[in-house]
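What follows is a short report on a single structure.
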Amino acid sequence: MSEPIRKKPEQAPESYSPKVKPEILSMAEKLQNNAETGVVRPFVKGDTPMNPTEYDFKFSPFRGLDFTNCFTSIFMFLEGFVDESNILKEQQERLFFLFDTVSGRSATVRGWKDTPTAIYDELYDTDDMIDFITGYAGYAYVKHSEKFAAPIRASLDSGVPVLARMKNDKQGSFRVIVSYDGKTLRMPEPKGAQNPPKKPPALGDIDSIYVLSGKIKRRFTLLDGLHRIKRVMDTNRDKGVIDDYIHAFEGYWEKYTDLKLKDLKQLYEYAYKGTTWNCHNFAAPFRTHEYLEDKPEKYQHWIWDEFKDPRFGTIPTREGQTDGAPLQLPPKKLIDWACDVSHTHQWQLHALYETRDWSKKYYHQLEWGFCENAGMLLRAIKEDDEFIYAAVYSMIRVLEEVAS
């Protein structure tokens with residue numbers, strides 16, 4: 001009778017910090033040639049542009065260390081982005097917005113009481129989102145859910161940082177691992193990220209790891225991203241997510257007498273926290289390539305090429321944003337205009353909360369007026385969202401006509 005297989009204790013990787021620093025252009029050429037074949041060749045030492053421990057990893061201040069923030073920084077490392085007069089930080093932020101938008105995440109709206117919706121939970125930092133972003137960027141990966149030491153060592157031995165998902169960490173749930181020393185893992189300083197962790201993770205802190213295994217032909221395009229965005233927006237509309245906020249401010253002439261001050265305050269807090277701030281992330285990819293014209297040529301990266309389709313239009317001047325009916329604007333102009341207007345409406349909603357004296361309750365007519373203003377702004381935000389939806393739908397039609 002055979003004996004059961006006994007698991008060997010997980011061995012801590014030996015100390016490793018790669019020394020080889022080949023030319024960035026040579027690395028990029030090798031990876032591109034491999035990508036065009038559609039075949040994954042595992043990364044080996046010499047593929048990456050430099051020692052990860054010496055690379056100046058940047059992180060977006062718009063989020064903690066979630067997957068998108070961490071992957072963006074590794075993507076820039078592998079694609080050969082290096083710092084020139086603080087351009088690296090600027091590019092990390094714009095690429096972060098790109099991945100956040102094409103994944104569909106920045107089209108989500110928080111549910112009433114600032115709770116995540118089902119579509120948000122389906123997208124945010126899930127394996128589906130990870131598969132889409134890596135496929136959109138043209139990278140293959142392997143997920144490991146146990147025995148992390150060996151694959152971490154193998155990836156770092158080839159000079160490729162590792163993405164690690166943390167246990168029991170809903171905010172900032174990922175880390176970038178760049179080297180190790182025995183059982184000690186090392187990560188780059190998470191400067192810029194919201195609520196940065198104070199120390200690197202231990203192997204026991206890790207839930208799973210995602211090892212980027214090579215460059216491949218892209219599996220997803222902007223059209224796929226637009227379909228994801230539309231699906232999120234369709235779900236928001238079908239579930240009446242923004243309508244829930246609007247309805248919360250209706251009928252307050254009758255509700256006023258029984259409403260306590262703390263409940264009234266929380267009402268406004270739910271409104272500005274739940275419905276706002278995504279438009280900044282969403283609009284950026286449709287504007288970015290316009291701002292890269294004065295940057296070094298290597299920042300005119302292929303990843304922006306799809307956004308340069310002339311049928312999408314160009315960004316209007318500030319004066320032009322208010323001329324004519326919004327729906328007569330080309331798609332990119334419409335997104336730029338609608339997100340800009342929505343951003344203003346969102347700050348106005350925030351201002352209702354921040355400038356009010358919450359130590360007292362006002363007389364009936366004034367309190368009713370505050371609620372009417374909040375409802376009016378929420379209805380305006382919903383209308384802005386409809387313009388964005390129209391632009392997304394229009395771009396899908398443009399790209400599908402070409403595909404057919």
Which FRET efficiency, nearest 0.05, do Gln348 and Asp157 yield, Cβ-Cβ r, R0 56 Å? 0.55
Taking a quarter of the surface of the Cα convex hull of region 45-128, what do you get in nm²? 6.7 nm²
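Report the calculated FRET efficiency for Thr221 and Trp358 (r = Cβ-Cβ distance, R0 = 51 Å), to the nearest 0.05.
With a Förster radius of 51 Å, E is 0.60.
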Considering all alpha-carbon pairs of region 188-230, what whole percent are spaced by more than 17 angstrom? 66 percent
FRET efficiency for Met376 and Gln194, using Cβ-Cβ distance with R0 set to 22 Å, rounded to 0.05: 0.10
Ordering of 172-183, 91-102, 240-251 by burial proxy (mean other Cβ atoms within 10 Å per residue, highest first): 91-102, 172-183, 240-251
Over region 75-169, what is the relative contact order in percent, taking alpha-carbon pairs closer than 8 angstrom and at least six residues apart? 15 percent
Just to verify a number: what accessible area does Lys333 come out at with the full protein assembly present, 1.4 Å probe, Å² rounded to tens? 50 Å²
Pairwise Cα inverse-distance average, inverted: Kirkwood Rh of region 129-246 (Å): 16.5 Å
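Quick one: in region 165-204, what % of C-alpha pairs are over 13 Å apart? Intermediate results must be reported in sequence, preceding the final value.
Details: 411 of 780 pairs.
Here the tail beyond 13 Å accounts for 53 percent of pairs.
The values are calculated or read from the model by the stated rules, or taken from the named source; none is laboratory data. If you're wondering where the values come from, they're calculated on a predicted model, not measured in any experiment. Note that each Cβ is placed from the backbone with ideal geometry, even for glycine, and that neighbours are counted across all protein chains shown. Heavy atoms of the whole protein, side chains included, go into the accessibility calculation; ligands, DNA and RNA do not. Shrake-Rupley method; radii C 1.70, N 1.55, O 1.52, S 1.80 Å.
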